[in-house]
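First comes the structure, then the notes that go with it.
The values are calculated or read from the model by the stated rules, or taken from the named source; none is laboratory data. Owing to the predicted nature of the structure, the values given are computational and were not obtained by experimental measurement. Heads up, the Cβs are rebuilt from the backbone with ideal geometry, glycines too, and the neighbour counts pull from every protein chain shown.
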Amino acid sequence: MTGRRILVIKLGALGDFVQALGPFAAIRRHHAGDEITLLTTQPYAALARNSGYFDDIWIDERPPWWRFGTWLALKRRLNGGTFARIYDLQTSRRSGRYFALLARPKPEWNGIAHGCSHPHDNPGRDSMHSIERQREQLGAAGIADVAPPDVSWIDGDADAFGLEAGFVLLAPGGSAHRPAKRWPQDSYAALAQSLAGQGHQPVLIGAGDETARNAAIALACPLAVNLTGRTSLADLTRLARAAAGAVGNDNGPMHLTAAAGCPSVVLFSAASDPALCAQRGPSVAILRRDNLRDLGLAEVEAAMRLR
């Protein structure tokens, strides 16, 4: 099976992308002599490019349905790729439409698109954790060895940030449209103050919508370092390797800290289910309350296992 062109579809979000790293590696091993292209979105292109799993990266602009010209261009590109097999790790309504764009005879397709050649047809797939679901999906395409997410290929260290030994990462952010996933800002401020009092430098991470929230936490704890918007995904991984621990909501950065082996405490509310999407790694503790306002500082600190 040499010289074929293979396409992998994974558009995001960050946590989903991290949990696809094991499948990426497995696909690379299975197609060692083939040319593999990843179709993804811009935020993950650099990480994917540096992983060594792909020969080419295509950026998906995720056009709305009414941008017919962009859809036509995407159709031409997909069909012009002459792919022998496509792994749809996004398995969304959008990626299903991409299957429909392909001319007949269609290439082999591993996913859930109706009529595809290698379907993941387990009716309980939506009740599976992402990692087990993708492992089973790839099994339907003949790929049996799918390891957990691995970020060991990200080299370098966190020295450029000039942090104190024993620092602890705090990731207070989460989806802007799902505020129930966030432990209260005042609780993070209290945690930062407590960590600083114990000699652990609190380091705030995040981007975009978390800017104002993290700035307020840093204002409440002057000893905290605010790296919001200053880190790449590779930087976050390097920081996680060096940190004594990490605490955060169910968000993308916590998937990176967990995969990097950082002792991580992840806070879940009723807005997300750890059985489906919990962070995975060698040292992860999950705390869940239907309303995160009911989760106390003492409980979070008791779950921390700083190294």
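Before moving on, here are some points about what is shown:
- Meets criteria (on the phi > 0 side of the Ramachandran plot and in contact with a Gly (Cβ under 9 Å, 6 or more places away or on another chain)) for residue 91: yes
- The set of residues from the stretch 1-59 being among the charged types (D, E, K, R) and within 30 Å of residue 175 (Cβ to Cβ) comprises 10, 16, 49.
- Residue 173 vs. criteria assigned by TED's automatic domain parsing to the domain that holds residue 202, in a loop (DSSP other than H, G, I, E, B) and at pLDDT 95 or above: no
- When the test is whether a residue is more than 30 Å from residue 202 (Cβ to Cβ), in contact (Cβ under 8 Å) with a residue 24 or more places away in the chain and in contact with a strand residue (DSSP E or B) (Cβ under 6 Å, 6 or more places away or on another chain), residue 142 does not pass it.
- Considering the stretch 193-216, the residues that are in contact (Cβ under 8 Å) with a residue 40 or more places away in the chain and over 19 Å from residue 298 (Cβ atoms) include one that is nearest to the chain's Cα centre (by Cα), namely 206.
- In the stretch 87-108, the residue that is surrounded by the most Cβ atoms within 10 Å (Cβ to Cβ) out of those that are among the hydrophobic types (A, V, I, L, M, F, W, C) and part of a loop (DSSP other than H, G, I, E, B) is 89.
- Residue selected from the stretch 53-90 under the condition of a type in the set (Lys, Arg) and without any contact (Cβ under 8 Å) to a residue 12 or more places away in the chain, by the criterion nearest to residue 113 (Cα to Cα): 76
- Residue in the stretch 188-208 that is of a type outside the set (Val, Ile, Thr) and at pLDDT below 95 present: yes
- Residue 143 vs. criteria touching a Pro at 6+ places or on another chain (Cβ under 9 Å) and assigned to a loop (DSSP other than H, G, I, E, B): yes
- Boolean, residue 203 is aliphatic (A, V, I, L, M) and under 18 Å from residue 14 (Cα atoms): no
Let's see how each residue does on (1) at pLDDT 95 or above; (2) farther than 20 Å from residue 19 by Cα; (3) buried (at least 19 other Cβ atoms within 10 Å of the Cβ):
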{"site": "81", "(1), (2), (3)": "yes, yes, yes"}
{"site": "84", "(1), (2), (3)": "yes, yes, no"}
{"site": "110", "(1), (2), (3)": "yes, no, yes"}
{"site": "113", "(1), (2), (3)": "yes, yes, yes"}
{"site": "117", "(1), (2), (3)": "yes, yes, no"}
{"site": "120", "(1), (2), (3)": "yes, no, yes"}
{"site": "134", "(1), (2), (3)": "yes, no, yes"}
{"site": "140", "(1), (2), (3)": "yes, no, no"}
{"site": "144", "(1), (2), (3)": "no, no, no"}
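- One residue from 259, 271, 298 being more than 24 Å from residue 129 (Cα to Cα) and of a type in the set (A, V, I, L, M): 298
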